Structures are given as C-alpha cells and as structure tokens.
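The values are calculated or read from the model by the stated rules, or taken from the named source; none is laboratory data. Please read all numbers here as calculations on a predicted model, not as lab measurements. Note that each Cβ is placed from the backbone with ideal geometry, even for glycine, and that neighbours are counted across all protein chains shown.
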Amino acid sequence: MAHIIVVGNEKGGSGKSTTCMHVATALARMGHRVGALDLDLRQRTFGRYIENRRAFLARTGLDLPTPDYRPLPDAAAAGGIENSFDQRLTAAVAAMDPEMDFIIIDCPGSHTRLSQVAHSLADTLITPLNDSFVDFDLLARVDAETGKVLGPSIYAEMVWGARQLRAQAGLKPIDWVVVRNRLGAQQMHNKKKVGAALEDLSRRIGFRVVPGFSERVIFRELFPRGLTLLDLRDTGVDQLNLSNIAARQELRDLVSGLRLSRVQADF
C-alpha cells in the first residue's frame with residue numbers, strides 16, 4: 001500500500017505547494033514511485049508546478065524524476081454522483097494506491113470537505129507554518145498578555161477528528177509533523193518564543209516539530225520551470241552558491257525529519 005502524505009494548513013502563504021513539490025521530487029529522485037494530487041481545485045498551485053516541470057522537460061529534452069500528477073477523476077468515473085468530491089478523492093487514491101510507493105496530497109488553504117477527507121487518509125500529515133504567532137493561531141488560541149496556550153484551534157480540532165476516524169477504522173495513527181517555514185535570520189527573540197510555544201503545544205495535542213525552509217528568492221524563481229533545489233546541477237548550474245547549498249541541506253533535514261520508514265535522505 002502507498003504511504004499517504006497530506007500537506008495541510010488552513011492559512012495561505014505558508015509554503016504548502018513548495019513543500020509538496022520538494023518532498024515529492026526528493027522521493028522520486030530516490031527511486032520511489034510518487035503520485036500527486038492537488039485538492040485546491042481553484043488555484044491548483046501544486047498541480048501547475050508539476051505541469052510547468054513537464055513543459056520544461058519537453059522543451060529542453062531533459063529527463064528528470066517527476067511525480068505522477070493526476071487530476072481528480074470526473075463524477076462519472078467516481079460513481080456517477082455529480083459533485084461527489086469525497087468519492088472522486090477516494091477513487092483517485094484507490095487508482096494510485098497499487099502503483100505508488102507514496103501519494104502526496106496538497107490541501108487548499110481553507111476548510112473544505114475534501115480537505116477533511118484527505119486528513120483522515122493521512123499516514124503522515126505535514127503542516128507548514130510561517131514562523132510567527134500570526135500563523136501559530138492556526139494551531140492554538142493564545143492569551144495576548146501572557147502568551148499562555150489557552151486551547152487548540154479549529155484546525156487542530158479537525159486533525160483530532162481525523163485521528164478519531166482512523167482509530168475507529170483500525171488504521172495506524174497519523175504522524176503529524178509541523179514544519180517551521182520562512183525562518184528568518186533576524187528576530188531571534190520572537191523565534192525563540194514561537195519555538196517554545198510550539199514545543200509546549202506539541203506535547204499537549206501530539207505533533208512533532210521539524211525545521212523547514214528559510215525565506216529564499218530561489219523558490220520563486222524555480223516555480224515557472226517546475227524545478228526544485230535538487231534539479232539545479234542537472235540544468236547547467238555547476239556551482240551552487242552558499243544559499244542554494246544551505247537550502248538543499250534544509251530539504252535533506254526535512255525529509256529525514258519526516259521519518260518515512262522506507263526512505264533515506266541521501267540526495
């Protein structure tokens with residue numbers, strides 16, 4: 001059976017699609033069969049990222065490992081019930097499951113029924129989080145005066161509901177990984193406060209904290225060609241600058257931090 005990785009966050013701009021693409025491409029480069037689904041039916045950033053990659057490879061003649069992106073099947077293929085998104089997602093996962101080692105699902109930056117269903121399918125849930133208390137609110141309510149965590153947010157409660165559904169079905173628990181993205185070199189005091197609050201909350205509601213990507217211009221430059229940090233040398237960049245080398249190490253640390261049993265981050 002494929003290991004399902006769901007990338008979810010109900011706030012936009014946290015780097016979900018960048019995380020999806022880099023993790024998916026890293027796994028593909030390690031020789032794994034990787035399926036990809038994008039549940040943001042309006043923006044489709046993850047889907048367009050892979051389409052940009054396919055177009056770039058066709059234009060240049062390069063052959064680079066690429067996730068197998070597929071759109072959701074139409075209603076007829078999913079059982080004939082119009083707008084039955086639940087069935088369409090289930091059909092897409094069922095079709096990929098025997099063919100793939102991993103299936104990576106990008107959820108929209110809002111609460112939808114599709115996102116709820118995807119979370120209940122997750123073996124690993126990745127929640128990218130910008131490193132600030134503005135985005136920390138996604139996970140928990142915090143007292144403005146003391147900084148004390150008052151309780152879980154609506155999103156955290158949704159993850160709890162997905163965990164309960166999996167337990168009722170006899171499935172293994174979700175491994176929930178919160179990824180701290182856009183870590184800046186400055187604002188060390190704020191970074192420490194966010195880190196301490198995350199560690200406290202992780203023990204209370206059950207997730208692991210893993211460092212993600214720093215804020216770098218390179219990520220915006222890679223998207224139009226559908227490339228990732230791992231593709232630079234294959235596209236003629238012989239000498240990586242220090243920023244690119246550091247970013248590759250961040251990706252290596254992220255993949256290692258996911259603790260996927262069949263994976264060694266050897267890229």
Item to check | Given (1) without any contact (Cβ under 8 Å) to a residue 40 or more places away in the chain; (2) surrounded by fewer than 19 Cβ atoms within 10 Å (Cβ to Cβ), index of the condition ALA28 fails | outcome: (2)
Checklist outcome for this item: Flagged pairs (Cβ under 8 angstrom, 6 or more apart or on separate chains; first in the range 180-196, over 12 Å from PRO211 (Cα atoms) and in a helix (DSSP H, G or I); second modelled with pLDDT of 65 or more and hydroxyl-bearing (Ser, Thr, Tyr)) are ASN190/SER132; VAL194/SER132
Checklist outcome for this item: The correct count of residues that are of a type in the set (A, V, I, L, M) and surrounded by fewer than 18 Cβ atoms within 10 Å (Cβ to Cβ) in the range 211-228 is 2
Next on the checklist: For the list (1) more than 17 Å from ARG208 (Cβ to Cβ); (2) of a type outside the set (Lys, Arg); (3) surrounded by 16 or more Cβ atoms within 10 Å (Cβ to Cβ), I need the number of the one condition that ASP123 fails.
Outcome noted: (1)
Checklist entry - Of all residues in the range 137-154, which are modelled with pLDDT of 75 or more and of a type in the set (S, T, N, Q)? => result SER153
Checklist entry - From the residues in the range 126-145 that are in contact with a strand residue (DSSP E or B) (Cβ under 9 Å, 6 or more places away or on another chain) and part of a loop (DSSP other than H, G, I, E, B), which one is surrounded by the fewest Cβ atoms within 10 Å (Cβ to Cβ)? => result ASP143
Checklist entry - If we keep just the residues of the range 39-65 that are of a type in the set (Asp, Glu) and in contact (Cβ under 8 Å) with a residue 40 or more places away in the chain, which is nearest to ASP234 (Cα to Cα)? => result GLU51
Checklist entry - If you check THR18 against the conditions, is it over 27 Å from ASP253 (Cα atoms), polar (S, T, N, Q) and outside any loop (DSSP other than H, G, I, E, B)? => result no
Checklist entry - Which of the following residues is loosely packed, with under 13 Cβ neighbours inside 10 Å and within 24 Å of ASP175 (Cα to Cα): GLY13, GLY8, GLY109? => result GLY13
Checklist entry - Residues of the range 197-243 being hydroxyl-bearing (Ser, Thr, Tyr) and farther than 30 Å from GLY61 by Cβ, which ones? => result SER202, SER214
Checklist outcome for this item: Within the range 72-111, restricting to residues that are in a loop (DSSP other than H, G, I, E, B) and under 17 Å from the mean Cα position of the chain (by Cα), the one that is modelled with the highest pLDDT is ASP101
Next on the checklist: Of everything in the range 125-172, what is in contact with a His (Cβ under 7 Å, 6 or more places away or on another chain) and among the β-branched types (Val, Ile, Thr)? Give them in sequence order.
Outcome noted: VAL159
Checklist entry - What residue, among those in the range 1-31 that are over 23 Å from ALA156 (Cβ atoms) and aliphatic (A, V, I, L, M), is modelled with the lowest pLDDT? => result MET1
